[in-house]
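All remarks here apply to the structure that follows.
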Amino acid sequence: KPFYDHVLGFTYLDGRIWFRNFQITDQTEGSLVEVGPRFCLWLIKIFSGSFSGNVIYENPNYKSPNQYRTELKIAASHRYKAKAEKKRKEGSCRDSPQGG
């Protein structure tokens, strides 16, 4: 089984940690080919312990999936209320003697 040298790349960009796995194809030239896997990590919190302890860092831009869904539902309800109010006003204008 052949031995392959690998280079792992970690880059911090756009508030995320990007991970890439490369294979060295030519030792003399040092050319690289991406072989994967590749993935992106979005930092939420850093604790002083393994999975507990004091919070050292907390991402201020992170929204939990539940919070995101709640905001979408609230926005949809505002749109529905605006449509219903507009329809109610249009209906009351038609019924008025000056409406047409």
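Conditions (1) within 22 Å of the chain's Cα centre (by Cα); (2) modelled with pLDDT of 90 or more, marked per residue:
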| site | (1), (2) |
| --- | --- |
| His6 | no, no |
| Asp14 | yes, no |
| Arg20 | yes, yes |
| Gln23 | no, no |
| Gly30 | no, no |
| Lys45 | yes, yes |
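Taking region 57-66 as the range and being within 21 Å of Asp14 (Cβ to Cβ) and either acidic (Asp, Glu) or exposed (fewer than 10 other Cβ atoms within 10 Å of the Cβ) (or both) as the test, the residues that pass are Glu58, Pro60, Asn61, Ser64, Pro65.
Please find, among Ile17, Ile56, Ile74, Ile44, the residue that is among the β-branched types (Val, Ile, Thr) and touching a Leu at 6+ places or on another chain (Cβ under 7 Å).
Of the residues listed, the single one that is among the β-branched types (Val, Ile, Thr) and touching a Leu at 6+ places or on another chain (Cβ under 7 Å) is Ile17.
Could you list all residues from region 1-58 that are of a type in the set (Lys, Arg) and assigned to a loop (DSSP other than H, G, I, E, B)? Passing the criteria: Lys1, Arg38.
When region 32-43 is limited to residues that are of a type in the set (A, V, I, L, M, F, W, C), closer than 24 Å to Pro65 by Cβ and open to solvent by 70 Å² or more (accessible area, probe 1.4 Å), the one that is farthest from the chain's Cα centre (by Cα) turns out to be Phe39. Beta carbons closer than 9 Å, at least 6 apart along the sequence or on distinct chains, pair a first residue in region 21-36 that is small (Gly, Ala, Ser) with a second that is surrounded by fewer than 14 Cβ atoms within 10 Å (Cβ to Cβ) for Ser31/Thr25.
The values are calculated or read from the model by the stated rules, or taken from the named source; none is laboratory data. Computed from a predicted structure; not experimentally measured. Glycine also receives a Cβ, built like all others from the backbone with ideal geometry; neighbour counts cover every protein chain displayed. Just the protein is used for accessible areas: all its heavy atoms, side chains included, with ligands, DNA and RNA removed. Shrake-Rupley method; radii C 1.70, N 1.55, O 1.52, S 1.80 Å.
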